[in-house]
């Protein structure tokens with residue numbers, strides 16, 4: 001893709017002003033009250049699948065971009081802080097980058113040519129956090145219909161090949177094979193098998209070449225008015241980039257121009273097994289981020305409820 005093609009796609013996908021000049025929700029605007037009610041009707045068996053990885057030092061971070069795995073320590077032990085009535089108290093602390101484990105990106109996570117989503121200057125993200133487009137804006141809106149696209153299940157493989165690009169036609173094909181579709185207000189969860197493979201090898205190669213979505217899938221997502229997309233990889237998009245000179249083209253187009261919610265490091269293995277077992281690939285998805293004022297991302301433990 002040339003720079004001119006990239007600019008053309010950015011213009012075509014741009015949602016700036018679509019929901020008014022002060023909008024900070026982006027495509028989360030597609031999650032309406034009616035959509036939430038419809039998603040609740042998808043709970044048929046009472047099965048709950050937690051899609052977040054543990055917040056501990058066993059995670060995938062190896063120091064890139066200043067990120068590290070969560071650090072947990074105790075500040076009070078019940079055996080040492082005992083009241084005269086015999087009550088002991090334990091307190092603890094967790095320290096983590098907001099993008100070290102399963103997480104949502106906010107629309108302040110990326111800028112392009114000095115601009116954030118909505119045409120705001122990137123200086124609005126400063127040392128005290130995001131003055132606009134923070135993750136707090138969507139913290140009360142993240143319950144909707146989720147749809148799983150199980151790419152390895154469709155292809156009869158354990159996992160996609162590192163660096164393999166998923167195209168728009170691939171997404172259409174896997175959903176057609178599964179007998180489902182994704183539409184307005186839905187969040188698409190894309191399983192590649194990459195997490196399962198890398199985690200069994202102490203996360204080796206997780207952030208190197210990785211399977212993921214190509215930029216042409218954004219037209220597909222835009223046409224269907226999806227609220228968001230998440231995957232079991234560390235970037236959702238294919239690595240390395242297929243766009244010369246742009247390291248994260250999917251992120252730039254999705255976050256800066258579309259205002260599309262992106263979720264990363266989602267554990268989809270148990271959910272995909274259940275979906276394959278009964279052939280039902282949609283469910284209620286509840287994944288509210290923490291209301292971090294000024295946050296450019298948030299850890300999350302999303303639930304797929306079937």
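Computed from the coordinates by the stated procedures, all read-outs in this text should not be read as laboratory data. Predicted model only: the values in this text are computed from it and were never measured. Positions of Cβ are generated from backbone atoms using ideal geometry, with glycine treated the same way; all protein chains shown enter the neighbour counts.
Restricting the range 258-296 to residues that are under 30 Å from residue 128 (Cα atoms) and more than 17 Å from the chain's Cα centre (by Cα) leaves a set whose member that is surrounded by the most Cβ atoms within 10 Å (Cβ to Cβ) is 294.
Residues in the range 183-203 that are touching a helix residue (DSSP H, G or I) at 6+ places or on another chain (Cβ under 6 Å) and either surrounded by fewer than 22 Cβ atoms within 10 Å (Cβ to Cβ) or outside any strand (DSSP E or B) (or both): 183, 184, 185, 192, 193, 196.
Which condition breaks for residue 243 when tested against (1) part of a strand (DSSP E or B); (2) under 21 Å from residue 9 (Cβ atoms); (3) touching a helix residue (DSSP H, G or I) at 6+ places or on another chain (Cβ under 6 Å)? Result: residue 243 passes all but (1).
Given the structure, is residue 218 in contact with a helix residue (DSSP H, G or I) (Cβ under 6 Å, 6 or more places away or on another chain) and either in a helix (DSSP H, G or I) or over 21 Å from residue 246 (Cβ atoms) (or both)? Yes; evaluated as a whole, the condition is true for this residue.
A single member of 175, 171, 160, 148 is in contact (Cβ under 8 Å) with a residue 12 or more places away in the chain, within 19 Å of residue 39 (Cβ to Cβ), crowded, with 22+ Cβ neighbours inside 10 Å and in contact with a strand residue (DSSP E or B) (Cβ under 8 Å, 6 or more places away or on another chain), and it is 148.
Determine which member of the set 273, 304, 254 is over 30 Å from residue 20 (Cβ atoms) and in a helix (DSSP H, G or I). Before the answer, list the steps.
Values: 304 fails: in a helix (DSSP H, G or I); 254 fails: over 30 Å from residue 20 (Cβ atoms).
Only one candidate passes the filter, namely 273.
Among the listed residues 153, 140, identify the single one that is more than 26 Å from residue 289 (Cα to Cα), surrounded by fewer than 21 Cβ atoms within 10 Å (Cβ to Cβ) and in contact (Cβ under 8 Å) with a residue 24 or more places away in the chain. Even if it seems obvious, please write down each step before you answer.
Numbers: 140 fails: more than 26 Å from residue 289 (Cα to Cα).
Going through 153, 140 in turn, just one is more than 26 Å from residue 289 (Cα to Cα), surrounded by fewer than 21 Cβ atoms within 10 Å (Cβ to Cβ) and in contact (Cβ under 8 Å) with a residue 24 or more places away in the chain: 153.
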